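Here's the structure, in structure tokens; my notes come after.
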Amino acid sequence: MRRMQSQYRIYLLVAGLLCSAPAWSEPVVLDDLKNFQTNTETMMSAGLPDEHHFITLKTLGVSRVIDLIPGGRSAEKALLDEMGLEYFNIQVEWEHPTLANFSDYISIMER
């Protein structure tokens, strides 16, 4: 398997958030962010972060967001573009995820 170009990115899956080197020495606590967890030192996951959450996460080094929510996501893309965060949307139908969804996710993670 091809080695990831950067081992120091953190991915948040909503969405997915990718960070450069972790900016904290203790686990990050965002109590009001639904299902927030630090999965590995290079990946976080959560559900439905808002602008306040993205600001906080960016200060922690998040640089990339992988959004798994289907539907119109132009407002999210515009916000994250304005904030200087890379944004990717993989429209996953929760009841029927596809191999293509997984392939798209892997492709983004390998960047």
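The values are calculated or read from the model by the stated rules, or taken from the named source; none is laboratory data. All values derive from a computational prediction rather than experimental measurement. Positions of Cβ are backbone-derived with ideal geometry, glycine not excepted, and every protein chain shown enters the neighbour counts.
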Only listed residue being at pLDDT 90 or above and not hydroxyl-bearing (Ser, Thr, Tyr), chosen from LEU99, LEU17, LEU33: LEU99
Selection status of ASP67, at pLDDT 85 or above, closer than 24 Å to GLN91 by Cβ and surrounded by 20 or more Cβ atoms within 10 Å (Cβ to Cβ): yes
Of residues in the stretch 55-75 being in a helix (DSSP H, G or I) and out of contact with any helix residue (DSSP H, G or I) (no Cβ under 9 Å at 6 or more places or on another chain), the one nearest to THR38 (Cα to Cα): LEU57
Cβ pairs under 9 Å, 6+ apart, first in the stretch 86-99 and surrounded by 18 or more Cβ atoms within 10 Å (Cβ to Cβ), second basic (Lys, Arg): TYR87/ARG64; TYR87/ARG73; TYR87/LYS77; PHE88/ARG64; ASN89/ARG73; ASN89/LYS77
Set MET4, MET44: member being within 20 Å of ARG111 (Cβ to Cβ) and either modelled with pLDDT under 85 or outside any strand (DSSP E or B) (or both): MET4
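Listed here are the residues, each with its yes/no results for (1) under 14 Å from the mean Cα position of the chain (by Cα); (2) under 25 Å from THR40 (Cα atoms).
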site	(1), (2)
VAL65	yes, yes
LEU68	yes, yes
GLY72	no, no
GLU76	yes, yes
ILE90	yes, yes
HIS96	no, no
LEU99	no, yes
MET109	yes, yes
Single unsatisfied condition, VAL92 versus (1) touching a Pro at 6+ places or on another chain (Cβ under 9 Å); (2) part of a strand (DSSP E or B); (3) of a type in the set (A, V, I, L, M, F, W, C): (2)
